[in-house]
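To start, the structure under review is shown below, and the notes come after it.
The values are calculated or read from the model by the stated rules, or taken from the named source; none is laboratory data. Keep in mind it's a predicted model, so treat the numbers as computed, not measured. Every residue, glycine as well, gets a Cβ built from its backbone with ideal geometry; the counts of neighbours run over all protein chains shown. Calculation scope for accessible area: heavy atoms of the full protein, side chains included, ligands and nucleic acids excluded. Shrake-Rupley method; radii C 1.70, N 1.55, O 1.52, S 1.80 Å.
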Amino acid sequence: MQRTLIENKNLTDLTWFHSGGSAKVFFQPAHMADLGDYLRDLPERTPVEVLGSGSNTCFSRDRFDGVLVYLGARFGGFEALSERTVRVGAGALTGDVVRKAMKLGLDLTFLGAVPGTIGGAIASNASFSGRRLCERILRATVVLRDGRIQTLKRDVFERPDRRAAALRNAVIVQAVLDLPQQVPEKLNAAWADVKHQHEEMFPAAPLCTGHVFSQKNENADEAGRKSPKEQAAQILSRLGEIRLPGTGLCLDRSFPNIIFSNESSDGSRLAEFAQLIANRCRQEFAEDLECNLNIVGDLR
Ligand SMILES: Cc1cc2nc3c(=O)[nH]c(=O)nc-3n(C[C@H](O)[C@H](O)[C@H](O)COP(=O)(O)OP(=O)(O)OC[C@H]3O[C@@H](n4cnc5c(N)ncnc54)[C@H](O)[C@@H]3O)c2cc1C
């Protein structure tokens, strides 16, 4: 397999929000060593961004003047290592990984309705139903900006500050997950329950949407076992419906934790609207929400 290198790649179809933009260089490595070699040989000042499936990323309409690393299906492997552990590629889609784990009698069902890739889910510590992916990581392999390959152990993922520091400028390539075993009937019931709960919180229809919010203090939910996104949904439901005049953007009472738009969204308006919503939550309820959308480039 050869690496893929494309100059001035249009990014419209690579994110859910079709926010437009382009990348000076789009790079899909052939394999992990190829990724390491490429990053090592890049001038130090060249900015590098990673894209999973783009369900939480928005590019500015200008050109991103750096290298966009895209792993895709080439990095989508899945392998059972022992009774309870599996190795998954960072380019694998979360829904596929959940289904494959279920076939082995392993429970990752909470992640089943979260759109995106394993890499994106690890980077954002994807959570649902009070459970988070980083709690299940035994180790992960990353390629650093200087091309070195590193293994990050479980303890790195237990602390948000350590995790954030370790993943800064790193491309996650694969992870080993330790998953609880479960009988098929319970797995099927849990999976159906997660899908149902997720559909109540997020629209299943392929709308042009953006900005999922989280409650800011990541550690605060340990006691209540609600994920930061579920906590944010509860807070946002108290705001009711809000629209950003002159755009199709709105926060809907039925799905409070996601900004809606029926049209393709302009990244800077999305960012503006998300800020307005976060400010209102701070003023009206003294609650700090984080807008989770990864915004690449200058949106102003
Ligand atoms: C309708 C809808 C529902 C959602 N529901 C949930 C939910 O229930 N729970 C939840 O947690 N989130 C939810 N999200 C948010 C989003 O789906 C998650 O954050 C998801 O994990 C992002 O995965 P992705 O592959 O699309 O990442 P992208 O959007 O492509 O990237 C997100 C971030 O991860 C980084 N990244 C991606 N791949 C790698 C890699 N290999 N190495 C290093 N960094 C990487 C990117 O640089 C970026 O910073 C939802 C989003 C939508 C649109």
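With the whole protein complex present, residue 50 retains an accessible surface near 60 Å², based on a 1.4 Å probe. Only the Cβ atoms of Lys and Arg (+1) and of Asp and Glu (-1) were treated as charged; on that basis the dipole of region 4-72 about its Cα centre amounts to roughly 180 debye. Considering only 115, 183, 277, the residue lying farthest towards the positive end of the dipole of the chain is 183, judged by Cα position with unit charges set on Cβ.
Within the full protein context, the accessible area of residue 31 is estimated at about 100 Å² for a probe radius of 1.4 Å.
So what is the accessible area of the chain per residue, in Å², with the probe set to 1.4 Å?
Roughly 47 Å² per residue, with all protein chains present.
Please compute the net charge surrounding residue 64, taking Lys and Arg as +1 and Asp and Glu as -1 over other residues with Cβ under 9 Å from its Cβ. Here the count lands on -1.
A full extension of the chain between residue 186 and residue 200 corresponds to an added length of 2.9 nm, given 0.36 nm per residue minus the alpha carbon distance. In plain terms, the chain from residue 144 to residue 275 could stretch by 44.0 nm, reckoned as 0.36 nm per residue minus the Cα-Cα distance. Projecting the Cα atoms of 71, 57, 35 onto the charge dipole of the chain (Cβ charges, centred on the Cα centre) puts 35 farthest toward the positive pole.
State the percent of C-alpha pairs, over all pairs in region 74-184, separated by a distance greater than 25 angstrom. Result: 14 percent of Cα pairs exceed 25 Å. When the chain is treated as a GNM with alpha-carbon contacts under 10 Å, the residue of 44, 158, 135 showing the greatest mean-square fluctuation is 44. A Förster radius of 35 Å combined with the Cβ-Cβ distance from residue 4 to residue 164 puts the calculated FRET efficiency at roughly 0.75. Counting heavy atoms of the protein chains alone, residue 9 has an accessible area of about 60 Å² for a 1.4 Å probe. Beta bridges from DSSP with both residues in the chain: antiparallel share about 75 percent, rounded to the nearest 5. What residue among 151, 46, 85 has the largest mean-square fluctuation in a Gaussian network model of the chain, using Cα springs under 10 Å? So, out of 151, 46, 85, the one fluctuating most is 46. Any idea how far apart residue 33 and residue 82 come out in nm if each label point goes 7 Å out from Cα toward Cβ? With each label point 7 Å from Cα toward Cβ, the separation is 2.8 nm.
First compute the accessible area of the chain with a 1.4 Å probe, then give the percent of it belonging to carbon and sulfur atoms.
Its accessible area is 46 percent carbon and sulfur atoms.
Semi-axes of the equivalent ellipsoid for the chain, computed as √(5λ) from the eigenvalues of its C-alpha gyration tensor and ordered from largest down, come to 29, 26, 17 Å.
Largest GNM mean-square fluctuation across 285, 213, 27, computed for the chain with C-alpha springs under 10 Å, falls on 285. Take the Cα of residue 12, go 7 Å toward its beta carbon, and the backbone nitrogen atoms of region 62-79 under 14 Å from that spot belong to 62. What fraction, in whole percent, of alpha-carbon pairs in region 4-72 exceed 20 Å separation? Considering region 4-72, 24 percent of its Cα-Cα pairs are separated by more than 20 Å.
Compactness of region 71-135 is given as radius of gyration and Dmax, 10.9, 31 Å, from Cα positions. Label separation (residue 48 vs residue 283): 4.3 nm, computed from points 7 Å beyond Cα along the C-beta direction.
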